[in-house]
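What follows is a single structure, written as structure tokens, with notes after it.
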Number of protein chains: 2
Amino acid sequence: MKAGRAFRSNRATRPHPVLPGSEDMPARERAYHDLRYRILTGRLAPGTTLLETELAALLSLSRTPVREAAIKLAEEGLVNIRARHGITVCDLSLCDVAEVLDVFSALEIRAVALVARRGLSHGEHNHLSGLLDRMERYTANGNIVRWSDLDDDFHSSMVSLCGNARLQRTLGEYWGQQFRARMLILPLRPVPHQSDKEHREILAAVHARDEEAARHAHERHRARADAQQLALLKNHLPPGDSTDSQEDMR
Amino acid sequence: MKAGRAFRSNRATRPHPVLPGSEDMPARERAYHDLRYRILTGRLAPGTTLLETELAALLSLSRTPVREAAIKLAEEGLVNIRARHGITVCDLSLCDVAEVLDVFSALEIRAVALVARRGLSHGEHNHLSGLLDRMERYTANGNIVRWSDLDDDFHSSMVSLCGNARLQRTLGEYWGQQFRARMLILPLRPVPHQSDKEHREILAAVHARDEEAARHAHERHRARADAQQLALLKNHLPPGDSTDSQEDMR
DNA sequence: GCCAATCCTTATGTATACGTTATCTGCCTT
DNA sequence: AAGGCAGATAACGTATACATAAGGATTGGC
């Protein structure tokens, strides 16, 4: 069924932490990926405001594809479009991150439950288990940056096996916002012994096809990890009463 | 069809089962709402294919706003855009509905848990309780159509109290697809005594601010109701291996 | 008679032009 | 001096024009 390709299709949930190389895609997608990349890597800092015309000039395109890209980024919560005031890169408030994590975790928990229901092939289990091996080595070395990369890979790989394309797609839409928050606290993160332990529990439950156990394991993992992340952010972010999300407000 | 305007911001989760009256909104939004309305009410039947130009003519607009509306509808899973082949109204396969319900219920369960955490004001509880009263009367009368309207109202009203704007927004994006499935099985639906009972349990748990109980009550409700819905649809829909969703496939 | 290649048609993607409206500024009035 | 109104500027929303490429059809060759 799903043997070979299986993972790797993290693209669905993990759309471009790096820019693949400005391939030959339609201009609208180039604009979208380019801007997204610049925002996620901080090269377009939160608060930066640009007009459609300026963005178009920046990307050497006309307003039409840039506009469509901006709309998509706004729907993902990365920028805020205010008519006649330009397109502003959202700065994440604590409140925003809490909202994002709430949605993200609810969906991810469901995804893990689905994977448990469907079961893992031998290769899939090996891949995930291998990721955890490497993460544990990084934990031992105290290399949080590399660990974090693999953590994301583990979560994304798991989700990519859930078999629900819509679920993957929506998780992908939230991935960017979650990624930004994750990057912010990266240097503050304690050594993730507890996460390593929880990941093993999750994988074991999924491998055993115990849907209930998998759901609970992942639920606990996300609840704890999200709470920790919010606690770390609390000292480094404005509380923000749902900052410049996108809707109304004026 | 839709009775008494509900009360307030159901708009977030319940975007336009009826057309508000072609208000003076930007053309792009008019196009979006108009097309969405036509699809949800079946006036644009599944399988219908129109070119951008034809849609533009249909709505007396130029291609630009129609195109943006079509993209948004495609992201919601209501139409499928195939370059040079036109914009096709998706027909829901059983597989699609299963995916939608999976995402929808995961999010709704989380929303109900949030409402339980935050608690209900006196007025809010009264409103929800009043809805259940009226639903139970319709159940007694066997008026499934009216009951279904209020059921939607109950779920949407509950969600609108969760306090997480992103959660509401994403639920709203899935609402259309879920609505179409709901309409399909409306005439097949048995008298919903069980749902009425479960709704009372959910409201009681939320009112008692018992987050765990609320989550479990809603989880059971959705699991049972979704399974029933899928069972009813099974005889009336093609199984469909993820029909014309939108990605790849050419 | 069937298959393939080329040409034509046309839908889309992108660029640009145009009109409307909002914001900002400056001046006038109170 | 302060506030309001009016006018100008320009950004956005929409319309349209243009170029590219894909699909289909027709014709010719095997």
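Taking segment B:55-64 as the search range and keeping residues that are without any contact (Cβ under 8 Å) to a residue 24 or more places away in the chain and away from chain A (no Cβ under 13 Å), which one is surrounded by the fewest Cβ atoms within 10 Å (Cβ to Cβ)?
Out of the qualifying residues, it is B:S60.
Test of understanding: among B:G130, B:G142, B:G172, B:G163, which residue is surrounded by fewer than 18 Cβ atoms within 10 Å (Cβ to Cβ) and within 14 Å of chain A (Cβ to nearest Cβ)?
B:G163
Among all residue pairs at least 6 apart or on different chains, which show Cβ distances below 9 Å where the first residue, located in segment B:84-100, is within 16 Å of DNA strand D (Cβ to nearest atom) and the second is among the charged types (D, E, K, R) and open to solvent by 10 Å² or more (accessible area, probe 1.4 Å)?
Correct list of pairs: B:H85/B:R250; B:G86/B:E52; B:G86/B:E54; B:I87/B:E52; B:I87/B:E54; B:T88/B:R82; B:T88/B:D244.
As an exercise: evaluate B:L186 against (1) part of a helix (DSSP H, G or I); (2) modelled with pLDDT of 95 or more; (3) open to solvent by less than 40 Å² (accessible area, probe 1.4 Å) and give the number of the one condition it does not meet.
Condition (2) is where B:L186 drops out.
Checking B:S121 against (1) within 14 Å of chain A (Cβ to nearest Cβ); (2) open to solvent by 10 Å² or more (accessible area, probe 1.4 Å); (3) closer than 30 Å to A:I109 by Cβ: exactly one of these is not met. Which one?
Unmet condition: (1).
Counting only residues that are within 14 Å of DNA strand C (Cβ to nearest atom) and touching a Gly at 6+ places or on another chain (Cβ under 8 Å), which one in segment B:35-51 is least open to solvent (accessible area, probe 1.4 Å)?
Looking at the filtered set, the residue picked out is B:L50.
Going by the structure shown, is B:E75 surrounded by fewer than 21 Cβ atoms within 10 Å (Cβ to Cβ), under 27 Å from B:R166 (Cβ atoms), in contact with a helix residue (DSSP H, G or I) (Cβ under 9 Å, 6 or more places away or on another chain) and of a type in the set (D, E, K, R)?
The answer is yes for B:E75.
Search segment A:75-90 for residues being away from chain B (no Cβ under 14 Å) and away from DNA strand C (no atom under 16 Å from the Cβ), and hand back the single one that is farthest from A:W175 (Cα to Cα).
A:V89
Do we have any residue at all in segment B:180-196 that's touching a Gly at 6+ places or on another chain (Cβ under 9 Å) and either closer than 29 Å to A:C162 by Cα or within 14 Å of chain A (Cβ to nearest Cβ) (or both)?
yes
When segment B:91-118 is examined, which residues are found to be open to solvent by 10 Å² or more (accessible area, probe 1.4 Å), over 25 Å from B:G77 (Cα atoms) and away from chain A (no Cβ under 11 Å)?
Of everything in segment B:91-118, just one residue is open to solvent by 10 Å² or more (accessible area, probe 1.4 Å), over 25 Å from B:G77 (Cα atoms) and away from chain A (no Cβ under 11 Å), namely B:R118.
What is the one condition in (1) within 12 Å of DNA strand C (Cβ to nearest atom); (2) more than 25 Å from B:T170 (Cβ to Cβ) that A:Y32 does not satisfy?
(2)
Could you check A:R209 against (1) on the phi > 0 side of the Ramachandran plot; (2) buried (at least 19 other Cβ atoms within 10 Å of the Cβ) and say which number it fails?
(2)
Collect the residues in segment A:165-183 that are more than 13 Å from the chain's Cα centre (by Cα), more than 16 Å from A:S105 (Cβ to Cβ) and of a type outside the set (G, A, S), keeping them in residue-number order.
Residue satisfying the conditions is A:R166 alone.
How many residues does segment A:135-169 hold that are assigned to a loop (DSSP other than H, G, I, E, B) and of a type in the set (S, T, N, Q)?
Of the residues in that region, 3 qualify.
Given the structure, is A:R67 touching a residue at least 24 places away in the same chain (Cβ under 8 Å), near DNA strand C (Cβ under 10 Å from one of its atoms), open to solvent by 40 Å² or more (accessible area, probe 1.4 Å) and not aliphatic (A, V, I, L, M)? Working first, answer last.
Details: touching a residue at least 24 places away in the same chain (Cβ under 8 Å): no; near DNA strand C (Cβ under 10 Å from one of its atoms): yes; open to solvent by 40 Å² or more (accessible area, probe 1.4 Å): yes; not aliphatic (A, V, I, L, M): yes.
When the stated conditions are applied, A:R67 does not pass them.
The values are calculated or read from the model by the stated rules, or taken from the named source; none is laboratory data. Only a predicted model underlies this, so the values are computations on that prediction, with no experimental measurement involved. Virtual Cβ from ideal backbone geometry, glycine too; neighbours counted across all protein chains shown. To get the accessible areas, we keep the full protein, side chains included, count just its heavy atoms, and leave off ligands, DNA and RNA. Shrake-Rupley method; radii C 1.70, N 1.55, O 1.52, S 1.80 Å.
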